[in-house]
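The values are calculated or read from the model by the stated rules, or taken from the named source; none is laboratory data. None of the values given here were measured: they were computed from a predicted structure. Neighbour counts run over all protein chains shown; Cβ positions are idealised from the backbone, glycine included.
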Amino acid sequence: MKEVVIISGKGGTGKTSLTASFATLAENIILCDADVDAAELQLLMAPKVQQKTDFMGGSLASIRRDDCIECGTCLELCKFEAISEEYIIDPIACEGCGVCVDLCPEQAVDFSVQKCGEWFISTTRYGTMVHASLGIAEDNSGKLVSLVRQQARILAGQNNCSLLLTDGPPGIGCPVIAAIGGATLLVIVVEPTVSGLHDMSRVAELAKHFRVPGLVCVNKYDLNSEMAGQVEAAAEKMNLMIGGRIPFDPVFTRAMVVGKNILEYAPASATAESVRTLWHNIVTYSVMDGTGLKNFQEQ
């Protein structure tokens, strides 16, 4: 099984729209939405939930008043000022570090695991999809990303699927690290701007660190052709293949409004053809380890 992860240095570059379009072109796949902080692939895939499971993440401290002797140890140790003088812990201010739990002389502090979100296994018109929703202001997004990818891999194995198509999170933080480890190929979506070039460089360094090969797609390239050329030149210096150029096209937005990808909404358009070309370059790209991605859907 191969895994293609679509990422970007920031949000809003079009990676989710491209992932949904790739789902139209790919065969025998499992879809995975690893952008758990802003899970938007479901808006285009219209998933029908078959299984819902709670995601239990970080822990939250609470003081048992009957056992507390009000010695003040926890007040002194808490760096987040989450404990009041009445020895009540503010659940919003508590960061779940566990210092009060470990060092309370009376062991009067409970540390219960909290529900941070939910993850789902759903059916879509293009196959099974694993996705999740992280609660508002909850942490452990990296842990949830790892869980979603793990479950997607399990399903791919059970159903003899040859490809895992993953919509990754933006940036270079913990969720991205959790999303790219062990991937076959990263598709880095870049906008032709100075900040886009900077974001691509950071993502490329992260991919290099984890030894995952990358391929660059310049989205909305015609908004700044000169900068698009600079992005491609920088990508080549970083040994990143240029997979394709996607023009700016309002049809992407019109397709999203009706819950479709561009290949469903305007299959004969020039922009749709550029997406097909990008996908062709993805599936025929040779990985640095020599195994290659060519015809990987048939392997």
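Test Ile154 against the criterion of being under 21 Å from Leu60 (Cβ atoms) and among the β-branched types (Val, Ile, Thr), and give yes or no.
On the way: under 21 Å from Leu60 (Cβ atoms): no; among the β-branched types (Val, Ile, Thr): yes.
Answer is no for this residue.
Just give me the residues in the stretch 148-167 being modelled with pLDDT under 95 and closer than 14 Å to Asp35 by Cβ, in sequence order.
none
Considering only residues that are of a type in the set (A, V, I, L, M) and in a helix (DSSP H, G or I), look in the stretch 161-183 and name the one that is surrounded by the fewest Cβ atoms within 10 Å (Cβ to Cβ).
Per the stated criteria, the residue is Ile177.
Gly243: within 12 Å of Val190 (Cα to Cα) and modelled with pLDDT under 95, yes or no?
On the way: within 12 Å of Val190 (Cα to Cα): yes; modelled with pLDDT under 95: yes.
The answer is yes for Gly243.
Per-residue answers, yes or no, for (1) hydrophobic (A, V, I, L, M, F, W, C); (2) assigned by TED's automatic domain parsing to the domain that holds Gln42; (3) closer than 30 Å to Pro91 by Cα; (4) in contact with a strand residue (DSSP E or B) (Cβ under 8 Å, 6 or more places away or on another chain):
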position	(1), (2), (3), (4)
Ser122	no, yes, no, yes
Ser133	no, yes, yes, yes
Leu144	yes, yes, yes, yes
Asn160	no, yes, no, no
Leu165	yes, yes, no, yes
Leu186	yes, yes, no, yes
Val189	yes, yes, no, yes
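Quick check on the stretch 185-200: of everything there that is in contact (Cβ under 8 Å) with a residue 40 or more places away in the chain and more than 20 Å from Leu18 (Cα to Cα), which residue is surrounded by the most Cβ atoms within 10 Å (Cβ to Cβ)?
His198
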